[in-house]
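Asks: Sharing a structure with you now.
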Amino acid sequence: MTTGGKVRTQALDAPAGAPVHALFGLSNEELSGALGEFGLLPYRIRQLETALYRNRISDLEAITPWPKDLRQKVASAGFRAGLPEIVQTFRSVDGTERYLIAGHDGQTVETVWMPEGDGGEDEDSDSPAPPEAAGGSAKKAWSRATICVSSQIGCAVNCQFCLTARLGIVRNLTAGEIAGQVAAVLKRQSAEPGRDRINLVFMGMGEPFLNYDAFMDAVRLLAGPMEIPESRMTVSTSGIVPGILRFAQEPVRPRLAISLNAPNDAVREGIMPITRKWPMAEVLDAVGQVRLRQRERVTFEYVLLAGVNDAPEHADELVRLVRRAQFPAKVNLIAWNPGPDVPFAMPAPEAVAAFQQRLREEGVAAFVRRPRGRDIYAACGQLKKTVALEPREGVQQWSK
Ligand code: SF4
């Protein structure tokens, strides 16, 4: 169901001909540099950071700690807050909302809000709710929520079961556009990290590790001035080995999930051509370099495709793979979500349950992620602009 207004083509309204510079997305140092001509003292920059990242202002006029003439001077020089805007909302019968959010050039990207999460994460049972959560969320219809964030418009990885892959890669998102999705959704939902239990999953459109620098800049903004603990973020990669090795060196980083989807290279190559570039053994070796926090586990995401990777022998092989891994791991099972013209079949609920049981009987932690927002194409692997159903000519896709 569409509940939003018209789709705008411009996120920022500039005076005709004037260059526009978005401030949202810049770090403290970058803000100082960008506004260098105004000679702002550090406390002014901190006030700006609070306004952008905590108060999520969309207009510089709202930086009330700043004198009016400063706000006007900065605006006249072509600077704008630049908070990405939700331009269209689709609401599912299950409460999930899918948004189109406009970037600086008017291109839209998809972001999903899932009240109560999707059942795939067990970490919440490890950590109590923040003390204010009960009071803060008492009037809300949700006690915790997960935001699924995109890192690119389209994707080059070409997983065969994924609708986003049909777009090819259109472009990378900037750090501001990645963190801005979160800010825009928190604003819409009147949600406050710290008071409300908000998880982020970087599992929307795109491969975060093919847009590594912008993705990690966004993580630092989210974990820093936006105050979302890194332990409440999970990034999923299709297995970009150089990205995983860089990630292993990061002092501040989300939890790691590997989009595995098969227990061996032969099956995986058929559904994820990127396996030919980085076979599973190389991916798992790279994951072994990541120093996990206490009680942290790596997640193996496993989309079940009927007749492809859901047989009992696949479960047994997956058990052996998890046992061989040099790190603690758990498995999130996802029944494939149907999409137009994607040549796979959804597994029967009994097959999903049997697969999970087989893993659990062998001592592998396995969870079934609840499908969310299927009716609005918000579920896993379905994120794709609902316009532009055909692949764009000349777009890059992973072929080898
Ligand atoms: S599943 Fe993820 S990595 Fe694979 S094509 Fe889709 S968006 Fe890209």
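Asks: May I ask for the net charge around Thr89, where only other residues with Cβ less than 10 Å from the Cβ of Thr89 are counted and Lys, Arg are +1 while Asp, Glu are -1?
Replies: +2
Asks: Okay, moving on. For a quick protection proxy, order the peptides 346-354, 171-179 by their average other-Cβ count within 10 Å, most packed first.
Replies: Put in order of decreasing packing, that is 171-179, 346-354.
Asks: Return the long-range amide H neighbours of Arg372 (sequence gap of 5 or more, or a different chain), with a cut-off of under 5 Å between placed amide H atoms.
Replies: The answer is Cys380.
Asks: Rounded, prolate or oblate: which fits region 174-257, taking a ≥ b ≥ c as square roots of the Cα gyration tensor eigenvalues, rounded meaning a/c under 1.5, else prolate when a/b beats b/c?
Replies: Prolate, because a/c is 1.5 or more and a/b exceeds b/c.
Asks: When the accessible area of region 159-270 is computed with all protein chains present and a 1.4 Å probe, what percentage of it is carbon and sulfur?
Replies: Carbon and sulfur: 49 percent of the exposed surface of region 159-270.
Asks: In nanometres, what is the gap between the two model label sites at Asn55 and Gln160, each 7 Å from Cα along Cα-to-Cβ?
Replies: 5.4 nm
Asks: Continuing with this model, one more query. Quick one: what are the phi-derived ³J(HN,Hα) couplings along region 232-240, Karplus 6.51/-1.76/1.60 with θ = phi - 60°, whole Hz, x for glycine and proline?
Replies: 9, 10, 10, 10, 10, 10, 7, x, 7
Asks: Between Ala77 and Gln294, what is the label-point separation in nm under the 7 Å Cα-to-beta-carbon projection?
Replies: 4.6 nm
Asks: Work out how much length Val252 to Glu29 would gain on full extension: take 0.36 nm times their residue separation and subtract the Cα-Cα distance, in nm to one decimal.
Replies: Stretched fully, the Val252-Glu29 segment lengthens by 78.5 nm.
Asks: Output wanted: per-residue J couplings in Hz (rounded whole) for region 165-181, from phi through Karplus 6.51 cos²θ - 1.76 cosθ + 1.60, θ = phi - 60°, x for Gly and Pro.
Replies: 4, 5, 6, x, 8, 8, 6, 6, 8, 7, 4, x, 6, 6, 5, x, 4
Asks: Would you tally the net charge around Phe209, using a Cβ to Cβ cut-off of less than 13 Å, leaving Phe209 out, and scoring K and R as +1, D and E as -1?
Replies: 0
Asks: Rounded, prolate or oblate, given the Cα gyration tensor of region 322-376, with a/c below 1.5 counting as rounded?
Replies: Prolate.
The values are calculated or read from the model by the stated rules, or taken from the named source; none is laboratory data. Remember, it's a predicted structure, so these values are computed and weren't measured experimentally. Note: ideal-geometry Cβ built from the backbone for every residue, glycine included; neighbour counts use all protein chains shown. The area values use the complete protein model at the heavy-atom level, side chains included, leaving out ligands, DNA and RNA. Shrake-Rupley method; radii C 1.70, N 1.55, O 1.52, S 1.80 Å.
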